[in-house]
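Derivation of every value follows stated rules applied to the coordinates shown; laboratory data play no part. Bear in mind the structure is a predicted one, so any value in this text is a computation, not a measurement. With ideal geometry, Cβ positions are generated from the backbone for all residues, glycine too; neighbour counts draw on all protein chains shown.
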Amino acid sequence: MIIGAHVKSSGGLASALRRGRELGADAIQIFTQSPRMWRSSSHSPDELAAYRAAQQAETHVRTTFCHATYLINLASPDTDLAERSRNCLVENLVTASAIAASGVIVHVGSHRGEGFERVAGAVARRLLSALDEAGAVLGSATCPLLLENAAGAGGTVGRTFDELAALIAAAGGDARLGVCLDTQHLFASGVPYRDEPEANAVVSSLERTIGPGRLGCIHLNDSKVVLGANRDRHENLGEGEIGAEALGHLISHPGLATVPSILEVPGSGDGPRAQDVIAARAILSAGLQWRNRRKGLSAQ
Ligand SMILES: [Zn+2]
Ligand SMILES: [Zn+2]
């Protein structure tokens, strides 16, 4: 499994690759523009080309994901905000595709009490139109758009696999749409994976609802809040309410083996550190050992 980390891209996009390498990460995630501002960063064609070249020449960091702006709310009943969100998503998709990213990860947003069913169709139309418009700007295919599961606060859309699956279905099952699974959001939304059978049930449910092949990325985070707390609060691996053992049971599932995992942990306040990447690898290998031992026991 590829283990990566979210890194800063200040000082030029390509500096993110160096930061990832220094962390010992196999993959990185970056913001292509300030995550809490609408204003898009203008990256010159030269800077985008330089990134692609640097990524190709890079020997450690194999792939890049982009996280979309947090202000985006594709489910907003306020049509001006929803349109602004769609436009912002287009910009995120264009930049990410121009650097040959493996995907743009987006929080769908909140329906603010309208109810999921009332907004699902409009969200699906906005997703498709953003992908189409980005493709037209680029004159080529966009990178995949990955909808992230939500922790379930307020009227957030995508709090269950069923909701994410319903959005993809409403978008006609478009092949450009996928899913990003955040382990902290999953736990905070009330889904436990304390042991191997529970972890297996999570992956089965994902495959049953969203289908195999749509999971493009995992956000690997522990949780500052308890199971079902519905709050998005990441913690360093093994230091939170989920714990190293449960995370190991989940990410060692053979169905997730080819899905890159990205750390978005706080570290010591400045994001993932090299020791967090090392901790993630240790958690994965412990999980794999438990699975092998269990398999050995059941074969006896
Ligand atoms: Zn996210
Ligand atoms: Zn989060």
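Put simply, the amide H of residue 65, placed in the peptide plane, has neighbours under 5 Å in 28, 29, 30, 102, leaving out anything fewer than 5 places away on its chain. Taking the chain as a whole, the Cys residues whose C-beta sits 4.7 Å or farther from every other Cys C-beta are 66, 88, 143. Short-range pairs are left out: with C-alpha atoms under 8 Å and at least six residues apart, the relative contact order of the chain is 17 percent.
Charge tally for residue 169 (other residues, Cβ to Cβ under 11 Å; Lys, Arg +1; Asp, Glu -1): -3. Taking θ as phi - 60° and the Karplus parameters 6.51, -1.76 and 1.60, the scalar couplings of segment 86-92 work out to 4, 4, 5, 5, 4, 4, 4 Hz in sequence order, x denoting glycine and proline. Here segment 3-299 is assigned +1 on the Cβ of each Lys and Arg and -1 on the Cβ of each Asp and Glu. Its dipole about the Cα centre then comes out at about 340 debye.
In a shell of Cβ-Cβ distance under 9 Å around residue 287, excluding residue 287 itself, what net charge do Lys and Arg (+1) and Asp and Glu (-1) give?
Net charge in that neighbourhood comes out at -1.
Residue by residue, segment 118-123 carries 3J(HN,Hα) couplings of 6, 10, 3, x, 5, 4 Hz when phi is fed to the Karplus relation 6.51 cos²θ - 1.76 cosθ + 1.60 (θ = phi - 60°); x denotes Gly or Pro.
Among the chymotrypsin sites (Phe, Trp or Tyr not before Pro) within segment 28-102, which fall in a DSSP loop and have no more than 15 other Cβ atoms within 10 Å of their own Cβ? Answer in residue order: 38, 70. Using C-alpha pairs below 8 Å separated by at least 6 residues, the relative contact order for segment 69-213 is 22 percent.
Please report the antiparallel percentage of the DSSP beta bridges confined to the chain, to the nearest 5.
10 percent
Shown here for segment 132-202: trypsin sites (Lys or Arg not before Pro) in loop regions (DSSP other than H, G, I, E, B) with at most 15 other Cβ atoms within 10 Å, namely 194. Summing charges over neighbours of residue 100, with a neighbour being any other residue whose Cβ is under 14 Å away from its Cβ, gives 0 when K and R count +1 and D and E count -1.
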